Amino acid sequence: MCALLVGLPDVNVIGVGDWPRWLRVVVETPTGRPDCSCGGVVHRHGIREVEFVDLPVFGRSTRLVWRKQRWRCTTCGRCWCDDNAEIATTRCALTTRAARWSTLHVGRNGRAVSDVARELGCGWHTVMDAVVAIGEQLIDHPDRIGDVNALGLDETLFARLGRFRTQSWSTQIVDVRRGQLLDVVPGRTAVEPCRWLAARPQAWRDRIEWATLDLSNSYRSVFDTMLPLAVQVADPFHVHRLAGTALDECRRRVQNETMGHRGRKDDPLDRIRRRLSIAAERLTGDQHDRLIGLLRAGDPRQEVWFAWNAKEVVRQTYAHTDPDLADEWVAEIVRDFADESMPIEVRRLGRTIAKWASQITAWHRSHVSNGPTEAVNNLAKRIKRVAFGLVNFRHHRVRCLLYAGKPDWTLLPTIQP
Ligand SMILES: [Zn+2]
């Protein structure tokens, strides 16, 4: 009955002790006399007791004490112990099943390591070491990364380190079609993503047709150098945001020039600051009239009015379904925004759009966005929140990939720490 409850293969339960902090289950593995490789005579050579952290039993923390038989060869003098990696390995302080269980909870369920450690009644590092040992085998499994048709890059802040809280960034490489995190590399420059792509086989890189990015120059250079055949697609959200920022900057400048101070709650431009960011078609007739009225009151040179229209025109780019029409539309935007009569923010927006024109209209042909990348980013941020911030990049990588990298969890019962 006892052996059944302990549930390990090929063990005899010798005893169970009730200790104040945990239950202590003592087991041994009955094996016949082994042979030595030299063919000599083998004798029993004492017992070695090794204690492992095991899964909780009936709500109590448990330690598994394994009384290992030591053997000694009288001919060559070699000594060794019974070993069974399915029970535990000496390199891991957790039993094999506890290590797998911890990986499942920390990795797939996104639990805090301290939380799991408390449940097992052991230290934080004991659990984290086991998660890294098993997790890296899962995430580095060659079958995890399949063929990729559309690749996305995005940055995340993963830690603030040192005395001056220097920001440490990491770049996430995402399969945009499947929403799978492929890998996490340190930094947000072009170097590490290039190195990662260079490590893939050429045939794998050639299969990538689309590359999505968030209007950042370093990721653009990654794609230019490593994936010259892939069509780059600028993410619509970031284009919208660019137009919104231009409008916001223009409003703040005009506010300052006309009133001589920052926006106060009775200033006309401050009263419409939220309404300016709403899409024009979602404004009711009443709201639209008030917007026009307040713009007339607070915007004598009509600069905010131009910036607002510029934002709407940029938004309408994505209303077109015909790619050729979108090409023309963007070309017209670039021409119109360069006009001398436009406020400086709109002219700057026009220059940025000109620089990214082919990437912006590529969206109309591919309809891939960086949305899945941002979704994966959100999962990574959840891991960071749960951990109250991560400092070690290796731990950050393992935990993000276990959570968002879609490893094959059915392999878990076959993996040993
Ligand atoms: Zn021997």
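Brief remarks on what is shown
- Only listed residue being touching a residue at least 24 places away in the same chain (Cβ under 8 Å), surrounded by fewer than 23 Cβ atoms within 10 Å (Cβ to Cβ) and among the β-branched types (Val, Ile, Thr), chosen from Val176, Val132, Val127: Val132
- From the options Val127, Val106, Val131, residue that is part of a helix (DSSP H, G or I), within 18 Å of Gly389 (Cβ to Cβ) and touching a strand residue (DSSP E or B) at 6+ places or on another chain (Cβ under 8 Å): Val127
- Among the residues of segment 102-127, those that are over 18 Å from Leu411 (Cβ atoms) and either basic (Lys, Arg) or within 16 Å of the ligand (Cβ to nearest atom) (or both) comprise Arg111, Arg118.
- Hits in segment 378-404 (condition: assigned to a helix (DSSP H, G or I), surrounded by fewer than 20 Cβ atoms within 10 Å (Cβ to Cβ) and touching a strand residue (DSSP E or B) at 6+ places or on another chain (Cβ under 6 Å)): Phe393
- Filter pass, Arg44 being more than 18 Å from Cys122 (Cβ to Cβ), part of a strand (DSSP E or B) and within 16 Å of the ligand (Cβ to nearest atom): yes
- Test: Ser221 is surrounded by fewer than 19 Cβ atoms within 10 Å (Cβ to Cβ) and within 20 Å of Leu157 (Cα to Cα): no
- The residues in segment 17-26 that are buried (at least 16 other Cβ atoms within 10 Å of the Cβ) and over 41 Å from the mean Cα position of the chain (by Cα) can be counted, and the count is 1.
- The one condition from (1) assigned to a loop (DSSP other than H, G, I, E, B); (2) under 14 Å from the mean Cα position of the chain (by Cα) that Arg144 does not meet is (2).
- Each residue in segment 297-336 was checked for being within 23 Å of Arg252 (Cβ to Cβ) and in contact (Cβ under 8 Å) with a residue 24 or more places away in the chain, and 15 pass.
- Evaluated against (1) more than 16 Å from the ligand (Cβ to nearest atom); (2) of a type in the set (D, E, K, R); (3) not in a loop (DSSP other than H, G, I, E, B), Arg21 falls short on exactly one condition, (3).
- Apart from one condition, His141 fits all of (1) surrounded by fewer than 18 Cβ atoms within 10 Å (Cβ to Cβ); (2) out of contact with any Leu (no Cβ under 8 Å at 6 or more places or on another chain); (3) within 20 Å of Leu402 (Cβ to Cβ); the exception is (2).
- The single residue among Glu281, Glu249 that is among the charged types (D, E, K, R) and exposed (fewer than 13 other Cβ atoms within 10 Å of the Cβ) turns out to be Glu281.
- The listed residues are Gly59, Gly7, Gly39, Gly32, and the only one of them that is small (Gly, Ala, Ser), modelled with pLDDT under 90 and within 16 Å of the ligand (Cβ to nearest atom) turns out to be Gly39.
- Within segment 77-101, being exposed (fewer than 13 other Cβ atoms within 10 Å of the Cβ) and within 16 Å of the ligand (Cβ to nearest atom) holds for Gly77, Cys79.
- Taking first residues from segment 40-68 that are in contact (Cβ under 8 Å) with a residue 12 or more places away in the chain and on the phi > 0 side of the Ramachandran plot and partners that are within 16 Å of the ligand (Cβ to nearest atom) and assigned to a strand (DSSP E or B), the Cβ contacts under 7 Å between residues at least 6 apart in sequence or on separate chains come to Gly46/Arg70.
- Test for Val50: is it away from the ligand (no atom under 16 Å from the Cβ) and out of contact with any Asp or Glu (no Cβ under 9 Å at 6 or more places or on another chain): yes
- Any hit, segment 206-219, residues being in contact with a strand residue (DSSP E or B) (Cβ under 9 Å, 6 or more places away or on another chain), part of a loop (DSSP other than H, G, I, E, B), of a type in the set (Asp, Glu) and in contact (Cβ under 8 Å) with a residue 40 or more places away in the chain: yes
The values are calculated or read from the model by the stated rules, or taken from the named source; none is laboratory data. Everything numeric in this text was worked out from a predicted model, so none of it was measured. All Cβ positions, glycine included, derive from the backbone under ideal geometry; neighbour counts span all protein chains shown.
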